[in-house]
1. Answer with a single label: of (1) 1.00; (2) 1.26; (3) 1.18, which was calculated as Rg/Rh (Cα atoms, Kirkwood Rh) from the structure in view?
2. Let me check against my output: what whole-number percent is the relative contact order of region 402-446, with C-alpha pairs under 8 Å and at least 6 apart?
3. Beta carbons within 10 angstrom, averaged per residue: use that to sort the peptides 458-465, 218-225, highest first.
4. Residue-wise, which Karplus ³J(HN,Hα) couplings in Hz belong to region 405-411, taking 6.51 cos²θ - 1.76 cosθ + 1.60, θ = phi - 60°, and x for glycine or proline?
5. Give me the number: length gained by fully extending ARG540 to ASN76, i.e. 0.36 nm times residue separation minus the C-alpha to C-alpha distance, one decimal in nm.
6. Can you give me the pair-distance distribution of region 431-496, C-alpha pairs, 10 Å bins, whole percents?
7. If I take R0 = 45 Å and measure r between the Cβ atoms of LYS499 and GLN579 in this structure, what FRET efficiency does the formula 1/(1 + (r/R0)^6) give, to the nearest 0.05?
8. Do any of LYS499/LYS628; LYS24/LYS86; LYS499/LYS607; LYS146/LYS228 go past 22 Å between their Cα atoms, and which?
Amino acid sequence: MADITANVVVAYPRSSFTDSRSFKAVNNGKVYVGLIDTDPTIPANQIPVYIENEDGSHVQISQPLIVNGAGKLVYNGQLARIVTTKGYSMAIYDSYGTLIEYIDNVLRYEPDQLRQQLTSAGGDKIVGSSFGGTVYSDYALSGIKKKATFGLGGTVNSGSEAAFYVSEGLWYVYKGNAFPAAVPTIPDTNWRCVGRLNGYPVYDVRNWGLVGDDFTDNTANWILMNQKIGGSNLVIDFPAGTYRYTDIGNVKLNRTTYRGAGSLRTVFKCMAATSITSAFRVDAWPDPTDPNQPFLDGFHMCGIHVEGNQNSASAIDVQGLARSIWDDVTCWGSQTGMFLRASSLNNFNNLMCSKYRNIFGQTVNVPVQGLVMTTGYRAGAFQGAPSNNLFTNLYMEGVQRGMNMLYGDQNTFIGGSCEANTDYGTNIALGCRYNTFIGMGNENLNATTGDFIDKGTYTKFINCYSSQRMVMQGKNSVIDGGYFERVDIQSSAVSNEVKNITVNNWNSGSGGFIDSGIGTIAYNIYDADIPDYINSTDIRHSVTLTTSSISGGTNGVWDNTTRLPVTFYIGGSTSAFTQALILRGGAGGDSVAIPLTGTQQVHLEAKDRISLTWSTGVTAPVCSYRAKRGYN
């Protein structure tokens, strides 16, 4: 038969099967074996039983089992060792079919089985300790021995021996090097707290009393843990579970990692009953009077979901964070998903505020904004924009406004999406400079404003895509590669460059490339509806020279304010110009010989001025220009 692990002996708690009333063996009695706490006479409740042969092999036999005159189990009249695979209930009947005894769980009364449990893996969790726990909890994982109690004297002989502080219910180890060390009345700065030493690793939150059962209020223990943990390069483990709390205040931990089991498994659940700033606040500068507070260095988070509620203004609020890595951190449930204020040099990977990362439902406590990037304040003084941060796979979905970058400098976004939002996907405001988006795809088909709105300076979009509208209102921005439905260069946009893209990719009927901006460079734009490349060559524009009378003639000038190089066309004059100059920077100038016949062309750079002088009585020239928007 197939291999089984039948190591539980079928036996009576007493030495033989006897009637407790007569103390005689239950001769020819019948024994039924079944699931714990069930009626084993019912076939559906019975479990397999086996004869164990001398060679260790097993043969399954039927029930009931038979008792001989000596009160022993027999099979075909022979004494037999009968085993099963797990704990069991037992019903004993005499030869007349009368129930003699029922035991709901035989292993509770079986010394051999208890001995087996104690010698098996996990037996140390059964044996108690003089420190109030078990051998497992008090000695096994932490590697720290419970030795003394503060206020009762005694010494510790190494950093692996701990003293108990009764008023806190926590253990401490001595940080110094001189041993033995006397245990004082209360722990001072020479002692480091190591939690409850309840069998979990020191930096497992369960060692500090936190419980992820979605019921316990962890507020007090969480605050105490944050106050007591010390050291550098610590990793605080939050096993899978939902950790409830009301307001844990400001989490300000340098060079420390909060590590969960994944954003779908470890949940910080804020249950605030009154208004608070944030469900999870990380502020490097909480002191309103100290202007010298440093940035918070290396506070890392990974594998955690933060769930705010209607009383928390934001799920996560971060200020003054630097040189930190956040990976698989998600949020929901507050008015704003996350604020990032005046933080620099951080790496955010899979940062998410999404309707698919919530615990109450996609339509409950929907945030207005996903991510807001803005400035901060240190002791009342203005601090700069978030800068030099790297975002990979940022995902803001199902809110009103996906990402709202009010201020931000030199941040890079790779991949990710802001989608299914009702107002806009990504907003880059006027105070933003030199930010780069690579391969971000926004799909906000019903958004009132658009997928991307760029009001910044020198924003760069590389191989991005937009399914609805890309709105350009800033200065010197570049769109290089990608596919879009509509690219809208609005009248406030100055010196933007658009190249190597496809428009009308979604065939909505309102797509295309629309340019109302100043000084736009545009080329290599493919329209999927035509399908063909768009002729982005500028048309000829008439020019009215600004003229003034001079001795013996007239002077006419024109300034190239298009912000682009242009071809300037001159024609219609009936005789030679007495002077033709191209001035750069408002002074100087190159003398240009312009022939009398035909329309002549002169190249002018942006901000160049052309000055033409002709004699009295000569017909004024007819001029026009065409901007060079690309390769033309």
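Rule-based calculations on the coordinates, nothing more; no lab input. These figures come from a predicted structure and were not determined experimentally. Every residue, glycine among them, receives a Cβ derived from its backbone with ideal geometry; neighbour counts consider all protein chains shown.
1. Only one option fits the structure, namely (2).
2. For region 402-446, the relative contact order is 51 percent.
3. 458-465, 218-225
4. Result, rounded to whole Hz: 8, 6, 9, x, 10, 6, 8.
5. Net length gain for the segment: 155.9 nm.
6. 24, 58, 18
7. FRET efficiency, LYS499 to GLN579: 0.70.
8. Violating the 22 Å Cα-Cα cut-off are LYS24/LYS86; LYS499/LYS607.
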